[in-house]
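Here's the structure we're looking at; comments come further down.
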Amino acid sequence: MSNIKKAFENGKAFIPFITCGDPDLETTAAVVRAAVKNGADLIELGIPFSDPTAEGPVIQAANIRALSGGVKTDKVFDLVRELRIDVEVPMVFMTYANVVFSYGSEKFISTCAEIGIDGLILPDIPYEEKDEFLPICRKYDVDLISLIAPTSENRIGMIAKEAEGFIYIVSSLGVTGMRNEINTDLESIVSNIRENTDVPCAIGFGISTPEQAKKMSDLSDGVIVGSAIVKLLAEYGKDAPNYVGAYVRKMKDAIR
């Protein structure tokens with residue numbers, strides 16, 4: 001069984017996204033621990049990249065801050081090694097194909113397995129090109145997480161059938177960021193997924209309030225929140241862990 005499934009075993013999963021190294025790696029570690037302590041079921045760690053095409057301005061700015069602070073992939077690996085001393089929930093990396101390629105795909109993915117990363121999300125890799133990474137991921141037992149967007153349409157069933165770990169449902173067209181409302185017909189997307197797989201699905205992009213989280217969790221197996229958390233880090237810097245912890249607790253309570 002994929003370790004990621006554990007995140008969905010006790011009701012709806014809350015999945016926070018955190019950009020590694022914003023404002024520094026020590027704060028990232030403290031934020032991860034605060035999130036887990038307050039109910040996070042799976043942690044999505046962003047490896048900073050200079051051109052994060054799926055991200056809106058909030059997470060783009062976090063990437064720039066982290067890179068300016070000298071965060072490199074090896075330092076992120078060291079962060080995870082340190083977190084794994086006491087953090088037991090599943091953890092996945094969210095980054096871009098170029099980060100993996102430039103490090104060396106096999107070296108990157110085998111290191112993920114060695115340090116306890118359970119999955120990999122590469123938003124710039126279309127379904128048709130996933131075979132560049134999938135065989136290596138399977139070799140090292142790291143789930144390659146599939147994304148399904150409103151534009152996936154007639155490919156939803158096909159993507160769902162081959163999905164591993166969990167399915168990341170992109171709630172809205174465009175980039176990440178907080179939205180006042182989400183108008184995509186997510187019900188039919190989830191229904192299509194359910195017909196083709198029992199792999200859990202979580203909805204991300206645009207979720208920031210407990211009300212939105214509740215609505216999205218009623219449709220799916222979990223919710224992913226990024227920009228709202230990254231915004232707290234931008235606002236509070238090294239003092240952010242307490243604020244993120246309180247926010248995670250509020251969101252988790254909303255989806256229980």
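Looking only at residues of the stretch 215-238 that are of a type outside the set (S, T, N, Q) and touching a Gly at 6+ places or on another chain (Cβ under 8 Å), we find that the one that is modelled with the lowest pLDDT is Gly226.
Out of contact with any His (no Cβ under 8 Å at 6 or more places or on another chain), charged (D, E, K, R), farther than 26 Å from Leu233 by Cα and surrounded by 16 or more Cβ atoms within 10 Å (Cβ to Cβ): which single residue out of Asp118, Asp143, Asp131 fits that description? Every option except Asp143 fails the conditions. Filtering the stretch 106-129 to residues that are over 18 Å from Leu45 (Cα atoms) and at pLDDT 95 or above leaves Glu106, Lys107.
One line per residue, one yes/no per condition, for (1) crowded, with 24+ Cβ neighbours inside 10 Å; (2) modelled with pLDDT under 95; (3) touching a Leu at 6+ places or on another chain (Cβ under 6 Å):
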| site | (1), (2), (3) |
| --- | --- |
| Phe8 | no, no, no |
| Glu26 | no, no, no |
| Arg33 | no, no, no |
| Ser50 | no, yes, no |
| Glu55 | yes, yes, no |
| Asp74 | no, no, no |
| Leu83 | no, no, no |
| Asp86 | no, no, no |
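Out of Val36, Val76, one residue alone is among the β-branched types (Val, Ile, Thr), within 16 Å of the chain's Cα centre (by Cα) and farther than 23 Å from Phe133 by Cβ. It is Val36. In this entry, Pro241 is excluded by the filter for residues that are in contact with an Asp or Glu (Cβ under 8 Å, 6 or more places away or on another chain), at pLDDT 95 or above, under 21 Å from Val36 (Cβ atoms) and not β-branched (Val, Ile, Thr). The condition of being at pLDDT 95 or above, at positive phi and either of a type in the set (Ser, Thr, Tyr) or in a loop (DSSP other than H, G, I, E, B) (or both) holds for Asp141. Scanning the stretch 164-194 for residues that are crowded, with 23+ Cβ neighbours inside 10 Å and either of a type outside the set (Val, Ile, Thr) or at pLDDT below 85 (or both) yields a total of 5.
The values are calculated or read from the model by the stated rules, or taken from the named source; none is laboratory data. Treat the numbers as computed from the prediction; the structure is a model and nothing was measured. Cβ sites come from the backbone with ideal geometry, for glycine too, and all protein chains shown count toward neighbours.
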